[in-house]
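One structure is given below, encoded as structure tokens.
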Amino acid sequence: MVHVIKADKYIEKVLEIVKKRNPVEPEFHQAVEEVLNSIKPVLEKHPEFEESSILERIVEPERQIIFRVPWQDDGGKIQVNRGFRVQFNSAIGPYKGGLRFHPSVYIGIIKFLGFEQIFKNSLTGLMMGGAKGGSDFDPKGKSEGEIMRFCQSFMNELYRHIGADTDVPAGDIGVGGREIGYMFGQWKKLTGLFNGVLTGKGLDFGGSLVRTEATGYGCVYFCEEMLKDRRTSFDGKTVVISGSGNVAIYAHEKATQLGAKVVTMSDSNGFIYDEEGVNIHTIKRLKEVERKRIKEYVTEHKSAKYSEGYKDIWNIKCDVALPCATQNELDEKAAKTLVKNGCIAVAEGANMPCTPEALKVFISNNVSVGCGKAANAGGVATSGLEMSQNSQRLSWTFEEVDKKLHNIMINIHSACKEASEEYGVGNLVCGANIAGFLKVARAMMSQGLV
Ligand code: NDP
Ligand code: 2IT
């Protein structure tokens, strides 16, 4: 019989190991701490998880790959970036998760994202393990040729580690349809395989309808369920959205379709406030086609105002806030302001956008909160649907995929709610962590020493 200690001591012990073994990786520590602290009642009910060292195993990636990415810029100079793929957990399916290209990327960011991905993918109900990758490459200001050469060089190493049945990357910050296209082309050239090794592909070569819209739409579908629980809806609500990338744009589109007015969007330089409602067509053209900065919006819309700095976006009065830019973009002060201004629901389109202190403020003030693992799971869920279509060599209609996505988001919301009630934790954030964790932990137990 293995000696079992109290759940809180066990959590403390594992957190200590994580901090010691992964020093100077604050985002990873934050993500682990949040999950571990919220599963305390599960550990109390299931001492077998501690007996089998499930936590010690789940916080350690199965595999971490770091590689050189050399590429030639337009001036002929050779540049070198660093590439990453962290294959975190394959208990419930092949590794699955996005690639992020952003100068802030280092191993700690990839590990926090890969760790969260394990539980998010579990919540989707599909067969997908957790992984994440990327590079400290900065796509801003690069020419089309430079982007292509970088993506090709990135794939020149990544291809050895991925596969349609082993590890399936997709997009994240700085990686959209264009980059996935270049990487897929290089994969095909290197391996000769035309298969579902990447998701988020173009519609002409195996991509799925709705994948582009999926994360933003899914986030709004999840939030709609939270609003239903409060006997209200998006109709007539004022919504603040941060970011103006893939997730933010389609969160805007769906919230607007459901009758809300979206009054803000942002990028890393600043935010726009349009009291008449941000025009989605202008945003799509500026961001998806012309790849311009958000401040350009005000030159076309006189009702809008631009402010430098992205943090003050949370001072804008709203009923619903959808942080869709990046980690830790919404802190305690911002949360208090949102509460004071009457905000009733927050759904995280981004990964870990609210600091732990901000989450506490929301929960203790009865604001409904959908954490990223639950609220933004629609993206990876639809990636899972793309994998299914690729395996079948079939393409489903927009309506079919959208309906499946909607059902998945409704089911995730129910799973979070049920877990929260069963374990008496009283909020969807802990509920998401518990529901996501249980499935993976059980699978690990069944598979022996993995
Ligand atoms: P995009 O690259 O399309 O857009 C990112 C947006 O966030 C841009 O407006 C960008 O502004 C802003 N942003 C990025 N970094 C920062 C920063 N450090 N400070 C302020 N603003 C910043 O990415 P996505 O829309 O795909 O991703 C947004 C978030 O959603 C990320 O947290 C991602 O992990 C998460 N997510 C994405 C999914 C997907 O399917 N794409 C799925 C689930 C989650 P700028 O142009 O100035 O950099
Ligand atoms: O954070 C995420 O879930 C994503 N970036 C999407 C991952 C995917 O494999 O579609």
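Read-outs throughout are calculated quantities, based only on the coordinates presented, and are distinct from any laboratory measurement. Bear in mind that the values here come from a model prediction, so they are computed numbers and not experimental data. Backbone-built Cβ (ideal geometry, glycine too); neighbour counts: all protein chains shown.
Details
- For the residue pairs Lys13/Lys340; Lys19/Lys140; Lys140/Lys237; Lys261/Lys292; Lys333/Lys403, the C-alpha atoms sit more than 29 angstrom apart in Lys13/Lys340; Lys19/Lys140; Lys140/Lys237; Lys333/Lys403.
- Of all DSSP beta bridges in the chain, antiparallel share, percent nearest 5: 55
- Straight-line cross-link partners of Lys201 among the aspartates and glutamates, defined as a Cα under 14 Å from its Cα and at least 8 positions apart when in the same chain: Asp172, Glu179, Glu213, Glu386.
- Cβ-Cβ FRET estimate between Glu51 and Asn365, R0 fixed at 35 Å, reported to 0.05: 0.35
- The stretch between Tyr106 and Val2 holds 33.7 nm of extra length on full extension. This uses 0.36 nm per residue minus the Cα-Cα distance.
- Each peptide among 214-222, 255-263 gets the average number of other Cβ atoms lying within 10 Å of its residues, and from highest to lowest they stand as 214-222, 255-263.
- Its DSSP H runs of at least 4 residues, each contributing -39,500 (n - 2.57), put the calculated 222 nm mean residue ellipticity of the chain at -14500 deg cm²/dmol, to the nearest 500.
- For region 63-217, the antiparallel share of DSSP beta bridges with both residues in that region comes to about 65%.
- Residues of type lysines that Lys20 reaches as a straight line, Cα spacing below 17 Å, ignoring anything fewer than 8 places off in the same chain: Lys9, Lys111
- Using the Karplus relation 6.51 cos²θ - 1.76 cosθ + 1.60 with θ = phi - 60°, the per-residue 3J(HN,Hα) values for region 205-215 come to 9, x, x, 9, 4, 6, 4, 4, 7, 4, 5 Hz, with x marking Gly and Pro.
- The length gained on full extension between Lys336 and Asp312, counted as 0.36 nm times the residue separation minus their Cα-Cα distance, comes to 7.4 nm.
- Largest GNM mean-square fluctuation across Trp187, Trp396, Trp314, computed for the chain with C-alpha springs under 10 Å, falls on Trp396.
- The ranking of Asp331, Asp8, Asp172 from fewest to most other beta carbons within 10 Å of each one's beta carbon is Asp8, Asp331, Asp172.
- Charge dipole magnitude, Cβ of K and R +1, D and E -1 - the chain, Cα centre, debye nearest 20: 460
- Projected label points at Val450 and Glu400, each 7 Å from Cα along the beta carbon direction, are separated by 3.0 nanometres.
- Approximating the spin labels as points 7 Å out from Cα along Cα→Cβ, the Thr191-to-Glu12 distance works out to 4.7 nm.
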